[in-house]
Amino acid sequence: NVKEEFYQNIKLVENPDDLLVLVNKNNQLTSSYIPKNLESISLKYANSDKYLQKEAKEAFEKLSDDANNLGYRIVAISAYRDYNYQNELFNYYVKEKGLEYALNCSAKPGHSEHQTGLAVDVEGENKDYDQFESTKEFDWIKDNAHKYGFILRYPKGKEHITGFKYEPWHYRYVGIDAAQYIYENNITLEEYLQM
């Protein structure tokens, strides 16, 4: 049941290299997992050295390039993160804002999609990912990401399923077929994989 308590009955991910791998509050990657085919995103489409799995990286660069040709700026500000980085990030949020805030807005180490190398956080023209929803880039990407194999991973109104607050800047590569279906049916990756 997708509504079960988060961080309960945690399962170790058995298919970490699968494009449709489910990593969330109840499905955990090992601390040693690193994707085999990480590649650097062109600095034309990233604010610094960022990495995604090869297929996701190529799709993201195509998305960003097509957006750029239409006058939009879609830049990766976070992509692959290893277990230790996520551990530091989560602990930072706990220290600065408290455990409840951290649990709502960040993943515990091993529970972040960023460790798969298939997730990317983006910013637009205003160079503020927190305000990405108010950009023209968001209006474009929400209706076009699926054409490149990406989904808005944590949509509004689905927090009880994903376990995370609405994140208009967080996109996950799942391949074009899955992305198309998820987009057209307004569902989450969790719901798609349950079907």
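Kindly indicate which of Leu29, Leu52, Leu89 is among the aliphatic types (A, V, I, L, M) and surrounded by fewer than 20 Cβ atoms within 10 Å (Cβ to Cβ).
On the way: Leu29 fails: surrounded by fewer than 20 Cβ atoms within 10 Å (Cβ to Cβ); Leu52 fails: surrounded by fewer than 20 Cβ atoms within 10 Å (Cβ to Cβ).
The unique qualifying residue is Leu89.
I want to confirm something. Restricting to the stretch 85-116 and keeping residues that are in a helix (DSSP H, G or I) and of a type in the set (S, T, N, Q), which single residue is modelled with the lowest pLDDT?
The qualifying residue modelled with the lowest pLDDT is Asn104.
Select, from Lys165, Lys127, Lys142, the only residue that is over 23 Å from Gln8 (Cα atoms) and at pLDDT below 95. Reasoning before the result, please.
Numbers: Lys165 fails: over 23 Å from Gln8 (Cα atoms); Lys142 fails: at pLDDT below 95.
Sole residue among the options that is over 23 Å from Gln8 (Cα atoms) and at pLDDT below 95: Lys127.
The values are calculated or read from the model by the stated rules, or taken from the named source; none is laboratory data. On a predicted model such as this, the values are computed, not experimentally measured, just so you know. Because the Cβ atoms are built from the backbone with ideal geometry, glycine has one as well, and the counts that use them run over all protein chains shown.
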